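Asks: Dumping the structure here so I can ask a few things about it.
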Amino acid sequence: VMADKDACGVATEDPDMLRLVHRLSTVAASEASVLLQGESGTGKTELARLVHRRSQRHNRPFVEINCGAIPATLIETELFGHVKGAFTGAVKDREGRFKAADGGTLFLDEIGELPRELQPKLLRVLQDGLYEPVGSDKTVQVDVRLVCASNQDLRELVDRGLFRADLYYRIAVVPLQVPPLRERPGDIALLTNVIHKRLTMRGYAADIAFG
């Protein structure tokens, strides 16, 4: 049986993925932090969106950030914001992704790329909902549900001293492994069809826009 794409946002016929979707739908009702581990391209972002849509926070913001796509020097201000004058180029206040996600869900993709020196600040906001924007002594309070994803084995990073153990256990209250696409051969044709439909719709929308 294919998962209902409209209902859950995840196109799959794979039994393991269907079980994963079912478990996530159950977990979504709680406030537990979810960690999705698996190779790139396995659908972790869609699964994170599923958690948000089926949670009590579904009417609030869903904010996502790829920690691996942002330079280490900028990731703190991306997450926590900054005040005007905090550094060269900070010409105005910026709220950051945690504030943008207040009341909703924050999805941190490639969490394993988060610099070690920033991990205590993330741990604090997860424990207490408190942080200070870069360059500010004013404490900000937020209420955010965290979903994380990684294509690395975070336990291995903990063993190597690259990721804090206390932060790992805080973000991995519900740790789930997403099977790679090569182990889901039945999904390949299905996903190809979904991508083709999306591209067709985009082309149709562009034709209308420039018609």
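The values are calculated or read from the model by the stated rules, or taken from the named source; none is laboratory data. Values in this document were obtained by computation on a predicted structure and should not be read as measured data. Methodologically, a virtual Cβ is constructed for each residue, glycine included, from the backbone with ideal geometry; neighbour enumeration extends over all protein chains shown. Side chains included, ligands, DNA and RNA excluded: accessible areas come from the protein's heavy atoms. Shrake-Rupley method; radii C 1.70, N 1.55, O 1.52, S 1.80 Å.
Asks: Based on the Cβ-Cβ distance from Asn66 to Glu46, what FRET efficiency comes out when R0 is 22 Å, to the nearest 0.05?
Replies: Once rounded, the FRET efficiency stands at 0.90.
Asks: Now for a separate question. Return the distance in nm (one decimal) between the two label points of a simple spin-label model at Ala86 and Gln56, each offset 7 Å from Cα along Cα→Cβ.
Replies: With each label placed 7 Å out from Cα toward Cβ, I get 3.0 nm.
Asks: Treat every Asp and Glu Cβ in segment 48-109 as -1 and every Lys and Arg Cβ as +1, leave all other atoms uncharged, and give the resulting dipole magnitude about the Cα centre to the nearest 20 debye.
Replies: Charge dipole of segment 48-109: 320 debye, to the nearest 20.
Asks: Give me the distance in nm between label points sitting 7 Å out from Cα along the Cα-to-Cβ direction at Ala29 and Leu199, one decimal.
Replies: A separation of 4.0 nm, rounded to one decimal place.
Asks: A further question on this structure: Take the Cα atoms of segment 70-161, build their convex hull, and give its volume per residue in Å³.
Replies: 100 Å³
Asks: Provide the per residue accessible area, probe 1.4 Å, for segment 22-67, rounded to a whole number of square angstrom.
Replies: Per residue, segment 22-67 has 46 Å² of solvent-accessible surface.
Asks: Loop only by DSSP, 11 or fewer other Cβ within 10 Å of the Cβ. Give me the trypsin sites (Lys or Arg not before Pro) in segment 69-102 that pass, ordered by residue number.
Replies: Sparse-neighbourhood loop trypsin sites (Lys or Arg not before Pro): Lys84, Lys92.
Asks: How big is the Cα convex hull of segment 54-93 in projection, averaged over all directions, in nm²?
Replies: 4.1 nm²
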